[in-house]
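K.L.:
The following block contains the structure, expressed as structure tokens.
Here, each number is a calculation from the coordinates, and none is a lab measurement. Just so it is clear, the model here is predicted, and its values are computed rather than measured. Cβ coordinates were reconstructed from backbone atoms using ideal geometry, including for glycine residues, and neighbour counts include every protein chain displayed.
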Amino acid sequence: MSVCRTCGACCASLRVDFHPAELAGGAFAWGGGVPPAMTVPVTPAIVRLAGTDASPPRCVALAGEVGIAVSCTIYAERPSPCREFDTEHAACKQARRRCGLSPL
Ligand code: SF4
Ligand code: SF4
């Protein structure tokens, strides 16, 4: 099982912005596209995953308990920043530290 399934720190510590074309029905939607109801508009060219700028942050699409067992409820439709993020990303370590988890 991927270590990410027992982590979720990035989904609970980083702001996630992307282009509205990745929303459901958009020209660059992955899978079915990100459900608009899970996002907030920022500018005409940017939407944000709801909850990722909350204090503390937590994406509304994240299910489970960070550091124990998590899943992304829109995994197939998640936007490009989520697709590009993995354990090799410099911010992975930072996110884990913020959530009280040790580096990998
Ligand atoms: S912070 Fe790193 S280990 Fe944790 S879910 Fe994100 S990519 Fe995976
Ligand atoms: S959409 Fe999924 S992968 Fe992306 S931040 Fe939210 S829970 Fe994490």
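K.L.:
Nearest 20 debye, what's the magnitude of the dipole of the range 3-98 about its Cα centre given +1 on Lys and Arg Cβ and -1 on Asp and Glu Cβ? Don't skip to the end; give the middle numbers.
P.N.:
Working: 10 positive and 8 negative charges, 67 e Å.
Approximately 320 debye in magnitude.
K.L.:
In a shell of Cβ-Cβ distance under 12 Å around S80, excluding S80 itself, what net charge do Lys and Arg (+1) and Asp and Glu (-1) give?
P.N.:
-2
K.L.:
A further question on this structure: Please give, to one decimal in nm, the separation of the simple spin-label points placed at V3 and S80, each 7 Å out from Cα toward the Cβ.
P.N.:
Result: 2.7 nm between the two label points.
K.L.:
Any chance you could check the Cα centroid distance between the range 73-93 and the range 1-53 for me, in angstrom?
P.N.:
10
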